[in-house]
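Beneath this line is the structure, given in structure tokens, with notes to follow.
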Protein chains: 2
Amino acid sequence: MSQRAGVSIKTVSRVINNERYVRPATRARVEEAMAALGFQPSYAARALAGGKSFQIALVCSNPGPYYLHGLIGGLRGRCAAEGVRLIVHAYETETEELGEDVLSFFRQMNLDGAILTPPIADQPVVLDHLDRAGTPYVRISPAADLDRGASVSIDNHGAARMMTRRLIDMGHQRIGFVIGHKGFSVSEQRLEGYLDALRECGIALDGSLLQQGEFSFQSGAAAAEELLGLRRPPTAIFASSDDMAAGVLSVAHRRGAKVPDQIAIAGFDDTDLASLVWPGLTTVRQPIRAMAERAAELLFAGEQERVVLPFEIIERGSTGPA
Amino acid sequence: MSQRAGVSIKTVSRVINNERYVRPATRARVEEAMAALGFQPSYAARALAGGKSFQIALVCSNPGPYYLHGLIGGLRGRCAAEGVRLIVHAYETETEELGEDVLSFFRQMNLDGAILTPPIADQPVVLDHLDRAGTPYVRISPAADLDRGASVSIDNHGAARMMTRRLIDMGHQRIGFVIGHKGFSVSEQRLEGYLDALRECGIALDGSLLQQGEFSFQSGAAAAEELLGLRRPPTAIFASSDDMAAGVLSVAHRRGAKVPDQIAIAGFDDTDLASLVWPGLTTVRQPIRAMAERAAELLFAGEQERVVLPFEIIERGSTGPA
DNA sequence: TTGAAAGCGATACCAA
DNA sequence: TTGGTATCGCTTTCAA
């Protein structure tokens, strides 16, 4: 290969890595030779010698379809532009020693960077390791140690609070709430937003209106069954994720309740699609894809900024109480 | 590291790779030392020396959320069990020289395996390269060279035909059809199934009932606008993907058509979710996750089988013509 | 069953 | 601006 261009192997390396101090003519000769021979440098060798891996990892806990899609879609372009591969490391929240597996993963791969989502994004051990190893990382929707490293999020507490107040302003007094998956800080933040709104409006909390979910369609449906089966059912239900809101909606339909006339349903929306697909749903639009894009930007620029992206409330149809 | 256990570096290598001919006592000593020192072998070095990469790639063209989620979910477990990382190589169908980018990707990574989805799964250049490089691969829903290598699919033609016949049996004569993304063979197969069913039942094809889509919610909605705006609108619409069917359903709702009383809507369903989430939809259940699991199985077992998984038609609500 | 030595294919540092 | 050489941390081959 290097002979074909009449240069040393080191010069080829310079061309590949776009280093300075290569005479244009030389560079051209090398590139010509590379093209002619269909030469592709070995990533394994470059990784070993250079101490880089040309790979970044997206570490997330079995996320919903839209969430995952948004993340990958947002990261894809920038990764390709940087010549870096995206490794998706999805793990089951329940079944693993949180962090252990991820740690050994990091140690072995010597990654060029990592994008972390909750709950792993809030594990100090993981962040410690990354810091020690000098691996840049960006956290999405972190809850703890907010000032640590770069992160991208929306104001979950504020969004849930605003949505709840909106429902209250429309006249709803009994508002069911489906809590997000345990262990996810956004779940707590959203719950707190809901509770604060009630408190501010002087509405006493009715514990029976609180249902635990786990971010899935099925868990939203189950929660709705409980809520709508109550002796005094709520006139509105606010689910803390889009998949759960869809589950609630589905059950409301099945039970013959008119949405949104008889019952208002609100949720979050990772993709702007939920509110389109399921008419009658009022949602907080969480721009996952934009968040991922921003995260990639921070990662490759090496910035340590803490970015809070704006959310938006998207309303479809009237949502006053029955 | 090797000193700590009092063995040569080679023996450590044997333990790591679980090779035979290591005395149990020696193995134990090495493992103890590895644990004590928190030793993690470098993937880059193992990859370079061993000619493997410990990585497989999922190559797919910007797929829908549920499709992607199903694929990754299906591959995840087996990859983890095999100690292999999953690289997601998603690319825009439109913007790239099909195959070129993927080829150079393959050449550089020296992958341990690849899972291919259409349309890349049907590119002979890509398969040729993989064969030459000795990289095992499994194709999902391939259309061309069906006997080449391992593959997993469902009978798309049969499914579309059966669904169409079912609609006809219910009394529908004017059945709109939303064609899938151009360049995807499954699009053609499903279209052919639809056409064959019409032919078999002696129904003349009305070209205005055929709409081109591109597998997205939006394109399904656009197609529905066209179809429902027709002077003589169809009494049923069959979309060749779940996202498009959802788009059709949404437009039908928006235009005040009662589903399924005034109009029947059918589609495919990659996750069993569409029919749950969107009541009134009759779907062909395509078990993407199961397909991915099977693909991983074939890949790691090195089998060259051609697997055709069964589909299922899931009906919700009556779908007779208005 | 274990070890010694020779790569794997690039990069990095220092000379030229 | 270019080249030589050690080096990265393992696996492979062959010998013991």
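Please verify whether the stretch A:77-95 includes one or more residues that are farther than 20 Å from B:Ala80 by Cβ, more than 16 Å from DNA strand D (Cβ to nearest atom) and of a type in the set (D, E, K, R).
The first filter runs over the stretch A:77-95 and keeps only residues farther than 20 Å from B:Ala80 by Cβ, leaving A:77-84.
Still in the running and more than 16 Å from DNA strand D (Cβ to nearest atom): A:77-84.
Subsequent filtering for residues that are of a type in the set (D, E, K, R) retains A:78, A:82.
The answer is yes, given that some residue of the stretch A:77-95 is farther than 20 Å from B:Ala80 by Cβ, more than 16 Å from DNA strand D (Cβ to nearest atom) and of a type in the set (D, E, K, R).
In the list B:Ala160, B:Ala197, B:Ala114, B:Ala144, which residue meets the criterion of being of a type in the set (A, V, I, L, M) and closer than 30 Å to A:Pro41 by Cβ? Walk me through how you get there before you give the answer.
Details: B:Ala160 fails: closer than 30 Å to A:Pro41 by Cβ; B:Ala197 fails: closer than 30 Å to A:Pro41 by Cβ; B:Ala144 fails: closer than 30 Å to A:Pro41 by Cβ.
Going through B:Ala160, B:Ala197, B:Ala114, B:Ala144 in turn, just one is of a type in the set (A, V, I, L, M) and closer than 30 Å to A:Pro41 by Cβ: B:Ala114.
Would you confirm whether or not the stretch A:292-301 contains a residue that is crowded, with 23+ Cβ neighbours inside 10 Å and either of a type in the set (D, E, K, R) or under 20 Å from B:Ser250 (Cβ atoms) (or both)?
Checking the stretch A:292-301: not a single residue is crowded, with 23+ Cβ neighbours inside 10 Å and either of a type in the set (D, E, K, R) or under 20 Å from B:Ser250 (Cβ atoms) (or both).
For B:Ser187, work out the one condition from (1) at pLDDT 95 or above; (2) under 19 Å from the mean Cα position of the chain (by Cα) it doesn't fulfil.
(1)
Could you identify the single residue in B:Ser53, B:Ser104 that is in contact (Cβ under 8 Å) with a residue 40 or more places away in the chain, within 16 Å of DNA strand C (Cβ to nearest atom) and of a type outside the set (D, E, K, R)?
Values: B:Ser104 fails: in contact (Cβ under 8 Å) with a residue 40 or more places away in the chain.
The match here is B:Ser53.
It is to be established whether one or more residues within the stretch A:43-59 are of a type in the set (D, E, K, R), crowded, with 18+ Cβ neighbours inside 10 Å and on the phi < 0 side of the Ramachandran plot.
The initial filter retains those residues of the stretch A:43-59 that are of a type in the set (D, E, K, R), namely A:46, A:52.
Next, from what is left, pick out any that are crowded, with 18+ Cβ neighbours inside 10 Å: A:46.
Now narrow it down to the ones that are on the phi < 0 side of the Ramachandran plot: A:46.
Yes, the conditions are met somewhere in the stretch A:43-59.
For B:Ala296, work out the one condition from (1) touching a Cys at 6+ places or on another chain (Cβ under 9 Å); (2) at pLDDT below 90 it doesn't fulfil.
Condition (2) is where B:Ala296 drops out.
So, in the stretch B:73-88, exactly how many residues are at pLDDT below 90 and surrounded by 22 or more Cβ atoms within 10 Å (Cβ to Cβ)?
0
List the number of the failed condition for A:Gly220; all other conditions in (1) surrounded by fewer than 18 Cβ atoms within 10 Å (Cβ to Cβ); (2) in contact (Cβ under 8 Å) with a residue 24 or more places away in the chain hold.
(1)
Can you pull out the residues in the stretch A:139-155 that are surrounded by fewer than 20 Cβ atoms within 10 Å (Cβ to Cβ) and either without any contact (Cβ under 8 Å) to a residue 24 or more places away in the chain or under 14 Å from A:Leu298 (Cα atoms) (or both)? Outline the logic, then answer.
We begin by selecting, within the stretch A:139-155, every residue surrounded by fewer than 20 Cβ atoms within 10 Å (Cβ to Cβ); these are A:143-148, A:155.
Of everything in the stretch A:139-155, those that are surrounded by fewer than 20 Cβ atoms within 10 Å (Cβ to Cβ) and either without any contact (Cβ under 8 Å) to a residue 24 or more places away in the chain or under 14 Å from A:Leu298 (Cα atoms) (or both) turn out to be A:Asp145, A:Arg148.
Looking at (1) buried (at least 22 other Cβ atoms within 10 Å of the Cβ); (2) farther than 17 Å from B:Ala90 by Cα; (3) in contact with a Ser or Thr (Cβ under 7 Å, 6 or more places away or on another chain), which is the one condition that is false for A:Gly70?
(2)
Let me confirm something: among B:Met163, B:Met170, which residue is touching a residue at least 60 places away in the same chain (Cβ under 8 Å) and surrounded by fewer than 24 Cβ atoms within 10 Å (Cβ to Cβ)?
On the way: B:Met163 fails: surrounded by fewer than 24 Cβ atoms within 10 Å (Cβ to Cβ).
Of the residues listed, the single one that is touching a residue at least 60 places away in the same chain (Cβ under 8 Å) and surrounded by fewer than 24 Cβ atoms within 10 Å (Cβ to Cβ) is B:Met170.
Looking only at residues that are within 11 Å of DNA strand D (Cβ to nearest atom) and among the basic types (Lys, Arg) in the stretch B:22-54, which one is modelled with the lowest pLDDT? Outline the logic, then answer.
Here is the first cut: in the stretch B:22-54, the residues within 11 Å of DNA strand D (Cβ to nearest atom) are B:34, B:37, B:39-52, B:54.
After this cut, where a residue has to be among the basic types (Lys, Arg) as well, the list is B:46, B:52.
Values: B:Arg46: 93, B:Lys52: 89.
Checking each candidate, the answer is B:Lys52.
Restricting to the stretch A:212-238, count the residues that are under 20 Å from the mean Cα position of the chain (by Cα) and either away from every other protein chain (no Cβ under 14 Å) or modelled with pLDDT of 95 or more (or both). Please lay out each step first, then the result.
First, the residues of the stretch A:212-238 that are under 20 Å from the mean Cα position of the chain (by Cα): A:213-217, A:219-220.
Checking which are either away from every other protein chain (no Cβ under 14 Å) or modelled with pLDDT of 95 or more (or both) leaves us with A:213-214.
Matching residues across the stretch A:212-238 total 2.
I need a count of the residues in the stretch B:128-138 that are closer than 19 Å to B:Lys52 by Cα, without any contact (Cβ under 8 Å) to a residue 60 or more places away in the chain and either aliphatic (A, V, I, L, M) or out of contact with any helix residue (DSSP H, G or I) (no Cβ under 8 Å at 6 or more places or on another chain) (or both).
Residues of the stretch B:128-138 that are closer than 19 Å to B:Lys52 by Cα, as a first pass: B:129-138.
Checking the rest, the ones that are also without any contact (Cβ under 8 Å) to a residue 60 or more places away in the chain come to B:129-135.
With either aliphatic (A, V, I, L, M) or out of contact with any helix residue (DSSP H, G or I) (no Cβ under 8 Å at 6 or more places or on another chain) (or both) added as a condition, the list becomes B:130-134.
Of the residues in the stretch B:128-138, 5 are closer than 19 Å to B:Lys52 by Cα, without any contact (Cβ under 8 Å) to a residue 60 or more places away in the chain and either aliphatic (A, V, I, L, M) or out of contact with any helix residue (DSSP H, G or I) (no Cβ under 8 Å at 6 or more places or on another chain) (or both).
Filter the stretch B:247-270 down to the residues that are buried (at least 24 other Cβ atoms within 10 Å of the Cβ) and either among the charged types (D, E, K, R) or under 24 Å from B:Gly74 (Cα atoms) (or both), then identify the one that is modelled with the lowest pLDDT.
Only one residue tops the list, namely B:Asp270.
State which residue is surrounded by the fewest Cβ atoms within 10 Å (Cβ to Cβ) when the search covers only the stretch A:8-39 and only residues that are near DNA strand C (Cβ under 10 Å from one of its atoms), away from chain B (no Cβ under 14 Å) and in a helix (DSSP H, G or I).
Only one residue fits best here, namely A:Lys10.
Among the candidates A:Glu200, A:Glu192, A:Glu188, single out the residue that is under 24 Å from A:Glu92 (Cα atoms) and of a type in the set (D, E, K, R). So that I can check it myself, show each step before the final result.
Details: A:Glu200 fails: under 24 Å from A:Glu92 (Cα atoms); A:Glu192 fails: under 24 Å from A:Glu92 (Cα atoms).
One residue alone meets the criteria, A:Glu188.
The values are calculated or read from the model by the stated rules, or taken from the named source; none is laboratory data. Small disclaimer: the values here were computed from a predicted structure and weren't measured. Because the Cβ atoms are built from the backbone with ideal geometry, glycine has one as well, and the counts that use them run over all protein chains shown.
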